[in-house]
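Values quoted throughout were computed directly from the atomic coordinates according to the rules given, and no laboratory measurement underlies them. Note that the structure is a prediction, hence the values are computed from the model and not measured. Because the Cβ atoms are built from the backbone with ideal geometry, glycine has one as well, and the counts that use them run over all protein chains shown.
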């Protein structure tokens with residue numbers, strides 16, 4: 001790649017920041033009770049639609065789902081708010097997608113740690129058997 005950032009990449013970042021700001025500060029939806037993150041936004045080249053990847057952090061699965069659904073149900077309001085702040089000719093239709101990559105990464109980290117601890121315990125057992 002030649003080191004240039006495309007217009008679409010710039011828009012993706014701008015939409016990501018603005019969508020988070022709108023949901024967290026302007027919507028004031030009481031159904032959004034859990035912490036969330038806008039992980040990524042993929043805007044189509046013609047700006048007709050955008051995939052918005054959302055990660056919701058909660059130990060309670062029902063609250064996590066309720067928060068995601070509240071965000072998803074507010075798509076039109078979020079789009080309307082975006083039209084006030086984004087300086088583009090059109091604002092894309094928003095499609096919210098649940099992103100569990102952070103949870104998956106955390107699960108894998110715990111699994112690798114557990115494997116590492118198990119290997120250390122096996123090494124100590126072998127060392128103790130060698131001493132006998």
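The one condition from (1) in contact (Cβ under 8 Å) with a residue 60 or more places away in the chain; (2) over 14 Å from the mean Cα position of the chain (by Cα); (3) closer than 22 Å to residue 100 by Cα that residue 15 does not meet is (2). Looking only at residues of the stretch 20-55 that are touching a residue at least 40 places away in the same chain (Cβ under 8 Å) and under 15 Å from residue 90 (Cα atoms), we find that the one that is surrounded by the fewest Cβ atoms within 10 Å (Cβ to Cβ) is 48.
Here residue 10 meets each of (1) surrounded by 12 or more Cβ atoms within 10 Å (Cβ to Cβ); (2) part of a helix (DSSP H, G or I) with one exception, condition (1).
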